[in-house]
1. Hey, what's the Cα Rg ratio for the stretch 240-303 versus the globular rule of thumb, 2.2 N^0.38 Å?
2. Decide, for the stretch 23-156, between rounded, prolate and oblate: order the square roots of the alpha carbon gyration tensor eigenvalues as a ≥ b ≥ c, take rounded if a/c falls under 1.5, and otherwise choose prolate if a/b is larger than b/c, else oblate.
3. Using the Kirkwood radius over Cα pairs, work out the Stokes-Einstein diffusion coefficient for the chain at 4 °C and 1.567 mPa s, in µm²/s as a whole number.
4. At q = 0.14 Å⁻¹, what log₁₀ I(q)/I(0) does a Debye calculation on the Cα points of the stretch 194-250 give, no solvent, two decimals?
5. Each residue of the stretch 117-129 in turn: what ³J(HN,Hα) in whole Hz from Karplus with 6.51, -1.76, 1.60 and θ = phi - 60°, glycine and Pro shown as x?
6. May I ask you to evaluate 6.51 cos²θ - 1.76 cosθ + 1.60, the Karplus curve with θ = phi - 60°, for each residue of the stretch 63-77 and list the ³J(HN,Hα) values in order in whole Hz, giving x for glycine and proline?
7. Of T123, T247, T292, which has the largest mean-square fluctuation in a 10 Å C-alpha GNM of the chain?
8. Carbon and sulfur together cover what percent of the accessible area of the chain at a 1.4 Å probe radius?
Amino acid sequence: MLQQIYNKVKKLRTPVTVKRFLEECNARGFGLEVVAGKNGLANVVEEALLHRPGLALTGFHKHFAVKRIQVVGLAEHAYLKSLKKNRMQRVKGLFDQGIPCLVVTKDLSVFEEIREMAAECETPVLRTEMVTLEFLRKAGTLLEDLDAPYCNLHGTMLEVCGLGIFIEGPAGIGKSETALGLIKRGHALVADDFTHFRRTGNATLMASARDQTRGFMEIRGIGMINVTKAFGIGVLRGEKQLDLVITLKRQEDLDELDRLGTPRECECLGVRVRQLVLPVALGRDLVNLVETAAQEYVLRASGYYAIDDLDARVKQRHAEV
């Protein structure tokens with residue numbers, strides 16, 4: 001079922017505008033201010049990367065990364081300061097390329113020529129007190145997150161035995177009830193019913209809840225509960241990497257029952273993830289089964305497979321006989 005859902009999910013990408021970049025940066029304490037060109041905040045950063053203009057300031061624009069956010073640090077600022085007659089020409093040459101915005105670090109002064117060209121070209125100029133390398137590192141990571149493809153899926157995401165486990169299945173099969181039982185055993189909730197996934201640059205999937213529903217669960221017959229109020233703040237996780245997908249399926253709907261735990265995978269946003277299908281039937285303890293599945297996943301990740309161990313013992317016994 002999950003693979004069918006994934007095949008229908010549109011891989012979404014929200015355009016990274018300068019305004020969005022500015023807001024997200026300041027939400028993380030970057031201290032960015034708009035010093036010129038505020039009419040261009042809707043500019044789209046077509047390549048969600050940072051670039052130091054370097055040779056472009058000398059007038060050489062071949063292979064210039066024009067679609068990226070340009071960063072002026074101490075070296076670039078010192079070079080522009082050394083220019084006397086040609087500063088406007090070099091600044092104009094940079095802005096004429098159509099850059100989305102320019103960021104000045106270390107709270108350096110913004111030359112009047114830059115202010116004039118920013119207003120004329122409607123290209124925002126931002127400034128921060130952060131040193132250049134720190135800004136490049138943190139803002140680069142932020143841009144990667146903002147540009148990451150994402151999708152939203154129905155299901156419950158948990159941290160069980162340190163693993164990120166996504167429980168999915170048809171409505172009413174017991175996803176939230178299973179999650180509640182795991183939380184009461186000391187495991188943690190990431191998202192209930194509606195989970196947001198994003199793909200990172202190193203091809204992993206990170207799961208989280210929507211801000212407005214984070215920490216809430218709907219339990220049939222009880223209603224809405226706040227898990228942090230009921231069980232404490234320690235049972236909630238903000239974001240977790242997806243390691244294992246557990247699909248709950250009614251036993252009568254299974255074509256065949258896998259008795260050996262044959263490894264299988266599903267795909268989401270181009271990332272392959274280990275998948276386990278658990279039959280749901282009257283009397284089956286899903287909480288215990290999901291917890292055991294997590295522990296078995298850890299063992300297999302370490303290289304131990306129970307079926308191989310058993311097979312070796314059987315063969316050894318036959319050899320002795």
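The values are calculated or read from the model by the stated rules, or taken from the named source; none is laboratory data. Only a predicted model underlies this, so the values are computations on that prediction, with no experimental measurement involved. Here the Cβ positions follow ideal geometry from the backbone for every residue, glycine too, while neighbour counts run over all protein chains shown. What goes into the accessible areas is simple: the full protein's heavy atoms, side chains included, and nothing from ligands, DNA or RNA. Shrake-Rupley method; radii C 1.70, N 1.55, O 1.52, S 1.80 Å.
1. Values: Rg = 12.5 Å, N = 64, 2.2 N^0.38 = 10.7 Å.
The reported ratio for this selection is 1.17.
2. prolate
3. Here the translational diffusion coefficient equals 56 µm²/s.
4. So the normalised log intensities are -0.51.
5. 6, 5, 5, 5, 8, 6, 10, x, 10, 10, 9, 9, 7
6. Coupling constants for the stretch 63-77: 6, 6, 7, 6, 7, 9, 5, 8, 10, 9, x, 4, 5, 5, 5 Hz.
7. Among T123, T247, T292, the largest mean-square fluctuation in the Gaussian network model of the chain belongs to T292.
8. Numbers: 8490 of 17220 Å².
After summing per-atom areas, the C and S share lands at 49 percent.
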